[in-house]
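Below you'll find the structure I mean.
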Amino acid sequence: MSAPLPEGWEAWPQAKLEAEVRRHNWLYWDRAAPEISDYDYDRLVERLRAVAPDAPVLSALGPTERLGADVEHRHPMLSLDKCYDPDTLQKWADKFAGDVVMTPKVDGVAASLRYEDGRLIVAATRGSGTVGEDITANVLRIPSVPKHIPVERPVEVRGEIYLPLSKFALVKDQFANPRNTAAGALKNKNADRSEAMGLCFLAYDALIDGATRQIEKFAQLAQWGFTPVEHALLPKDGMQAGYERYVARRAELDYEIDGVVFRADRLDEAARLGATSHHPRYAIAYKLQGDSATTHLRQVEWSVSRSGALTPVGIVDPVVLSGATVTRISLHNWGLVQSKKLSINAEVVAMRRGGVIPYLEAVVTPGDTEIVPPATCPSCDSPVRVEGDFVFCGSATGCRMTAVGELAHYANTVGIEGFGEVWLETLVDAGLLHTPADFYRLRAADLIEFDRMGETLAQKLVDRVQARREIPLAVFLQSLGVPHLGRTASQTLARHFRTLRAVREAKIEDLVGLPKFGELLATKVAEGLGARAHLVDALLAAGVSATDDPGAPAATGEGPLAGKSFLFTGTLAQMTRDEAQEKVAALGGKAASGVSKHLSYLVVGDEGKAGSKLQKARDAGVTVLSEAEFLALLAGDN
């Protein structure tokens with residue numbers, strides 16, 4: 001006799017629900033001794049589907065029927081490559097000729113609909129990309145999916161199944177989000193319940209012969225009775241503006257979007273680009289990067305960074321993003337204000353991802369008052385200068401807030417605690433601090449003169465400074481505040497050069513071959529280190545030492561391979577690539593990360609698979625060594 005589900009089972013967590021479904025499957029199929037009725041089993045499954053529609057156990061056999069048989073896709077349903085900025089989007093578009101087609105990236109369930117002799121014979125989810133789950137019975141109940149189309153040849157239509165936000169609003173107290181709700185409805189064994197959810201289908205592609213342009217496919221889909229996803233044909237220079245239009249309209253749409261999809265319009269170009277095993281090269285998703293909402297810009301304030309740049313900050317009407325009320329958004333720089341044609345009282349889209357400061361994503365409607373840079377620095381009243389996208393304080397002797405920013409960066413990087421912005425401003429105004437080297441000249445007697453500074457706290461602050469006289473080389477380099485010389489780049493320099501002296505003596509060509517150091521970065525870092533030479537000298541004179549990296553290889557510049565850079569391609573037969581790089585470093589050489597005109601040698605492994613690096617090296621005039629020639633070079637042979 002079947003027992004009822006225990007009281008309170010509806011509140012079970014996901015793990016408990018999954019475990020119970022598995023247990024009852026085992027009791028029914030393996031033991032032939034079910035403990036609950038089919039009705040209660042279905043209730044249990046429905047509750048799990050509401051909590052976690054993608055739970056693996058839901059694809060297992062239940063007491064009544066299989067939830068979804070496997071369907072092998074005739075053509076793989078690949079994922080989309082992603083980008084998050086206009087530069088990456090433009091680099092993608094530069095790879096093909098012609099215009100692009102733009103569509104919203106609907107956050108639903110990707111599905112394939114297969115028609116033969118004009119009749120829908122199977123519908124399947126994307127699944128793994130090669131095998132999906134049969135959802136035909138439920139898809140046949142979706143009103144926007146034609147059951148027949150006026151075409152005799154086999155046709156595959158692809159699109160997105162979604163739950164409109166207006167429908168989700170009626171059940172949002174029962175389900176997590178629209179996408180999961182749609183996924184659960186598609187897997188519901190009861191087709192009537194699935195139909196009652198009100199799912200919709202938007203078509204975004206048709207695998208047909210004869211078309212020459214992607215935009216033509218949408219017209220064909222409409223003729224067959226489908227609702228094509230919104231689409232627009234754009235020139236490549238209109239992609240960013242198109243993306244921003246969708247960002248601005250996001251709150252108006254009756255479906256969730258998590259980005260905008262761009263595809264090459266010319267199908268011959270799409271065929272030429274082809275696809276990887278993961279994604280087609282002719283399409284890309286420009287992803288939204290966080291929670292967004294519309295608000296109005298009311299004012300712009302300008303703050304001064306440690307580089308002397310004046311950064312605009314937007315004051316907006318309060319808006320909730322990711323659970324927090326936001327009134328200030330980053331406007332990045334003067335160039336962005338100009339490019340967006342931003343003005344006071346404009347309706348804007350503010351976006352926030354995680355705990356990062358919200359920023360301006362798009363302008364919805366223009367305002368009524370032009371934004372202009374301040375005539376003088378808000379910190380020191382010095383005249384400002386505009387250089388391209390940036391506005392700088394023009395003080396020749398140094399700006400107060402620039403000094404505070406530089407001091408704060410140094411203290412935070414090397415780990416000197418207790419010097420917050422208010423204290424730094426106080427000490428700068430008193431003339432006790434101006435550059436990081438001044439930290440090491442502070443005395444307790446200097447600090448005790450200030451309000452709220454007792455003898456104990458004053459001595460503690462001085463002791464904290466003195467405890468940071470020996471600084472690891474990578475940390476020391478990062479603390480200098482050189483543009484583009486962050487934590488990773490500083491660690492790279494410390495590993496490869498080991499000593500501060502070697503870093504300071506390195507030339508641009510010595511940096512180019514380092515991991516992730518292209519020519520532009522190498523130039524900026526070398527020039528930045530040169531510009532900060534006075535600070536390095538001042539810190540050394542104050543008794544600060546940049547300690548060597550004990551785990552680094554022998555310093556470059558010492559040994560028979562000094563000044564030589566090596567790049568490896570293919571599979572080495574005599575040693576691993578890491579071992580080869582260590583041998584090079586031990587002899588004073590360095591390992592490079594890519595082919596450039598500054599590369600000394602490209603070493604080709606005897607096991608083959610050299611790849612494109614070999615041809616690039618030949619084109620650049622780089623000396624190519626076989627593995628045997630490389631070993632001879634290590635042994636000291638000419």
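A short reminder: the numbers here are calculations on the coordinates, not readings from a lab. Values in this document were obtained by computation on a predicted structure and should not be read as measured data. Cβ sites come from the backbone with ideal geometry, for glycine too, and all protein chains shown count toward neighbours.
Can you tell me the convex hull volume per residue for segment 416-535, based on C-alpha atoms, in Å³ to the nearest whole number?
Convex hull volume per residue, Cα atoms: 108 Å³.
log₁₀ I(q)/I(0) of segment 565-634 at q = 0.13, 0.21, 0.27 Å⁻¹, via Debye over equal Cα point scatterers, no solvent, to two decimals?
Reported log10 I(q)/I(0), two decimals: -0.30, -0.82, -1.35.
Still on this structure: Is segment 138-262 best put as rounded, prolate or oblate by its Cα gyration tensor, with a ≥ b ≥ c the root eigenvalues, rounded for a/c under 1.5, and otherwise prolate when a/b is larger than b/c, oblate when not?
oblate
Assuming 0.36 nm per residue, please report the length gained on full extension of the stretch A191 to L233 beyond their Cα-Cα distance.
11.3 nm
Also, quick follow-up: Against the longest principal axis of the chain, how steep is helix 519-531, in degrees 0 to 90 to the nearest 10, with axes from Cα atoms?
30 degrees
Relative to the present Cα-Cα distance, how much length would full extension add between R272 and A324 at 0.36 nm per residue of separation?
14.0 nm
Turning to a different aspect of this structure: Taking the beta-carbon count within 10 Å as an exposure proxy, list H148, H332 from fewest neighbours to most.
H148, H332
For A97 and D619, what is the calculated FRET efficiency with R₀ set at 30 Å and r taken between the beta-carbons, to the nearest 0.05? Each step should come with its number before you reach the end.
Working: r = 24 Å, r/R0 = 0.80.
So, using R0 = 30 Å, E works out to roughly 0.80.
Give me the lysines in straight-line cross-link reach of K187: C-alpha distance below 23 Å, same-chain residues under 8 apart excluded.
By straight Cα distance, K187 reaches K16, K105, K147, K167, K172.
Continuing with this model, one more query. Hey, what D do you get for segment 97-172 in µm²/s if you plug the Kirkwood alpha-carbon radius into Stokes-Einstein at 4 °C and 1.567 mPa s?
92 µm²/s
Okay, moving on. Send over the semi-axes of segment 291-393's equivalent ellipsoid, whole angstrom and largest first, taken as the square roots of 5 times the C-alpha gyration tensor eigenvalues.
They are 24, 15, 11 Å, listed largest first.
Now for a separate question. Can you compute the radius of gyration and Dmax for segment 339-441, using only the Cα atoms, both in Å?
Cα radius of gyration and Dmax of segment 339-441 are 18.0, 54 Å respectively.
Also, I was wondering about something else. Once the Cβ-Cβ distance between K172 and H484 is put in as r, and R0 is 35 Å, what FRET efficiency do you end up with, to the nearest 0.05?
In this case the efficiency is close to 0.15.
Right, something else. Can you check what the net charge comes to around Q214, using other residues whose Cβ is under 15 Å from the Cβ of Q214 (Lys, Arg +1; Asp, Glu -1)?
On the way: positive: R158, R213, K217, K236, R263, R266, R272, R281; negative: D99, D205, D209, E216, E230, D265, D268, E269.
Around Q214, the surrounding residues sum to 0.
Which aspartates and glutamates does K590 reach when only Cα atoms under 18 Å apart count, and residues fewer than 8 places away in its own chain are ignored?
E505, E509, D510, E519, D548, D549, E558, D578, E579, E582, E627, E629
Based on the Cβ-Cβ distance from K16 to D317, what FRET efficiency comes out when R0 is 45 Å, to the nearest 0.05?
Values: r = 45 Å, r/R0 = 0.99.
Given R0 = 45 Å and the Cβ-Cβ separation, E is 0.50.
Continuing with this model, one more query. If neighbour count is taken as other Cβ atoms inside 10 Å, put S565, S339, S307 in order from fewest to most.
Fewest-to-most Cβ neighbours within 10 Å comes out as S339, S307, S565.
Tell me which GluC sites (Glu not before Pro) from segment 82-184 have a DSSP coil assignment and no more than 14 other beta carbons within 10 Å of their own.
E152
To continue, here is another question. Work from the charge dipole of the chain (Cβ charges, +1 for Lys and Arg, -1 for Asp and Glu, about the Cα centre) and give the residue of L457, L511, G225 farthest towards its positive end.
L511
How many nm is it between the label spots at E629 and S144, if each spot is 7 Å from the Cα in line with the beta carbon?
6.2 nm
Testing the spin-label approximation: label points 7 Å from Cα along Cα→Cβ at S612 and T523. State their distance in nm.
Placing both labels 7 Å beyond Cα along the Cβ direction yields 2.3 nm.
Something else: Setting aside same-chain residues fewer than 8 positions from K340, which lysines have a Cα under 22 Å from its Cα?
Of all the lysines, those that pass the test against K340 - Cα under 22 Å, at least 8 places apart if same chain - are K91, K236, K287.
Per-residue counts of other Cβ atoms within 10 Å, averaged by peptide: what ranking do you get for 177-185, 135-143, highest first?
177-185, 135-143
Continuing with the same structure: Using a cut-off of under 16 Å, list every residue of segment 299-332 whose amide N is near the label point 7 Å from the Cα of Q240 along the Cα-to-beta-carbon line.
Of the residues in segment 299-332, 331-332 have backbone N under 16 Å from the label point off Q240.
What number, in percent, do you get for the relative contact order of the chain if the mean sequence gap of Cα pairs under 8 Å and at least 6 apart is divided by its residue count?
Reported relative contact order: 8 percent.
Principal axis extents for the chain, Cα atoms only, whole Å, descending order, please.
Largest first, the chain extends 84, 71, 59 Å along its Cα principal axes.
Could you give the length gained on full extension between T365 and I508, defined as 0.36 nm per residue of separation minus the Cα-Cα distance, in nm?
Full-extension gain reported as 46.8 nm.
Any idea which of S144, L199, T295 is furthest toward the positive side of the dipole for the chain, if Lys and Arg beta-carbons carry +1 and Asp and Glu beta-carbons -1?
S144
For segment 400-468, just say rounded, prolate or oblate: build the C-alpha gyration tensor, square-root its eigenvalues into a ≥ b ≥ c, call rounded for a/c under 1.5, and beyond that prolate if a/b exceeds b/c, oblate if not.
Because a/c hits 1.5 or more and a/b fails to exceed b/c, segment 400-468 counts as oblate.
Okay, moving on. Between helix 14-29 and the chain, what is the angle of the helix's C-alpha long axis to the longest principal axis, kept within 0 to 90° and rounded to the nearest 10?
40 degrees
For the chain, what does -39500 (n - 2.57) per DSSP helix run (n ≥ 4), summed and divided by total residues, give at 222 nm, in deg cm²/dmol to the nearest 500?
Value at 222 nm, helices only: -9500 deg cm²/dmol.
Hey, for a label at D463 modelled as a point 7 Å past Cα toward Cβ, could you say which residues of segment 407-429 have their backbone N under 16 Å away?
Answer for this model: 416-419.
Something else about it: How big is the dipole moment of the chain about its Cα centre under a simple scheme where the beta carbon of each Lys and Arg is +1, that of each Asp and Glu is -1, and everything else is neutral? Debye, nearest 20, please.
Numbers: 71 positive and 83 negative charges, 120 e Å.
I would put it at about 580 debye.
Using all Cα-Cα distances in segment 294-344, what percent lands in each 10 angstrom bin from 0 up to the longest?
For segment 294-344, the pair-distance distribution reads 24, 50, 24, 1.
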